[in-house]
Amino acid sequence: MSDNKNHFKVAIIGSGPAGLTAAIYTARANLNPVIFEGMQPGGQLTITTEVENYPGFENGILGPELMEIMRKQAHRFNAISIYEEIIEVDFSVRPFKLKSYNEQYTADAVIISTGASARLLGLESEAKYMGFGVSACATCDGFFFKGLKVLVVGGGDTAMEEANYLTKFASEVTIIHRRDVFRASKIMLDRARKNPKIKFITNAVIKEVLGIEENGKKRMTGVIIENTIDKSTSKLDADGLFIAIGHTPNTKIFKGWLDMDDNGYLIVKPGTTHTNVEGVFAAGDVADKTYRQAVTAAGSGCMAAIDAERWLESQH
């Protein structure tokens, strides 16, 4: 390679819990990894206010703070961060080629931990109250809504599952769906319908999230919903809003290179992080549509690092 400073033994694309854990492990194995931090350094956790379910922090920790600690831990072992987004890959040649907007890089092994993005409604007010009543993860945030009224948007299995889960904490859960037909499986829908704490509002969409700011703190107080049939609007009081309209794995740049399922999640060999291309590994939400937790992502980041280290060892 003529431009050696841009060649790395291990390149990690993505910097959430999976990517940073992979960085800690590969760095400690003297593989001098590079982390391409991408558009959202720290991943989805950076839009989470309080994380209470990550082991080791008995009083909870702020999402961005947790990621900063992980990043510093990786840097301590000589991992380096490049704050660029990888927009193109070439896995047909060795070393693998990676391209950002400004530079070309090469790597002997690649760990993909680009995560998945929750699909959102796309409202300005939704973004404003994200983490202050609005959430895209019931298992992450349900605990904060003890005895409160919450709404769930969606009509698939995820929405039914999240609604059922939220009834453990909330006093009342209302599912809002834009049609009166549900994509959810019969078993999940029946379970939600039988739950006395769950109500349904169908043929309705959320037009705006309402909230207040007091003493420098903001919180959501309700929503404006629009009837999809007669276009009438009404106000609904609520303390929380959970968006459950699915996730999109961030795998667009790997199309044509790596095997993925119908939804775009990367397929790995069972019990490993190996993709169909030797030397390319996948960790975290990019390959996990079931659990999607920070701790499971971190665990698979560790697996990817060990898989990559062993694979590199076998190449020499």
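The values are calculated or read from the model by the stated rules, or taken from the named source; none is laboratory data. What you see is a predicted model, and the numbers here were worked out from it, not measured in a lab. Backbone-built Cβ (ideal geometry, glycine too); neighbour counts: all protein chains shown.
A single member of 196, 270 is assigned to a loop (DSSP other than H, G, I, E, B), in the same structural domain as residue 145 (by TED's automatic domain parsing) and not β-branched (Val, Ile, Thr), and it is 196.
With the condition kept exactly as written, say whether any residue in the range 73-83 is out of contact with any helix residue (DSSP H, G or I) (no Cβ under 7 Å at 6 or more places or on another chain), part of a loop (DSSP other than H, G, I, E, B) and of a type outside the set (Ser, Thr, Tyr). Within the range 73-83 (the criterion being out of contact with any helix residue (DSSP H, G or I) (no Cβ under 7 Å at 6 or more places or on another chain), part of a loop (DSSP other than H, G, I, E, B) and of a type outside the set (Ser, Thr, Tyr)), the answer is no, since none of the residues qualifies.
Selection over the range 207-216 of residues that are farther than 14 Å from residue 234 by Cα and in contact (Cβ under 8 Å) with a residue 40 or more places away in the chain gives a count of 1.
Considering only residues in the range 273-304 that are assigned to a loop (DSSP other than H, G, I, E, B) and acidic (Asp, Glu), the one that is surrounded by the most Cβ atoms within 10 Å (Cβ to Cβ) turns out to be 288. Show the residue pairs meeting these rules: Cβ distance below 6 Å; 6+ apart or different chains; first residue within the range 136-147 and more than 17 Å from residue 290 (Cα to Cα); second residue part of a loop (DSSP other than H, G, I, E, B) and polar (S, T, N, Q). Within 6 Å, the pairs are 147/171.
To keep it simple, each residue is scored yes or no on (1) under 20 Å from residue 135 (Cβ atoms); (2) crowded, with 16+ Cβ neighbours inside 10 Å; (3) at pLDDT 95 or above.
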position: 193; (1), (2), (3): no, no, yes
position: 206; (1), (2), (3): yes, yes, yes
position: 216; (1), (2), (3): no, no, no
position: 220; (1), (2), (3): yes, yes, yes
position: 223; (1), (2), (3): yes, yes, yes
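Taking the listed residues 114, 158, the one that is modelled with pLDDT of 95 or more, within 27 Å of residue 17 (Cβ to Cβ) and buried (at least 16 other Cβ atoms within 10 Å of the Cβ) is 114, with no other qualifying. Name every residue in the range 84-104 that is surrounded by 19 or more Cβ atoms within 10 Å (Cβ to Cβ), in contact with a Phe, Trp or Tyr (Cβ under 7 Å, 6 or more places away or on another chain) and part of a strand (DSSP E or B), in order of residue number. Answer for the range 84-104, where residues must be surrounded by 19 or more Cβ atoms within 10 Å (Cβ to Cβ), in contact with a Phe, Trp or Tyr (Cβ under 7 Å, 6 or more places away or on another chain) and part of a strand (DSSP E or B): 86, 89, 98.
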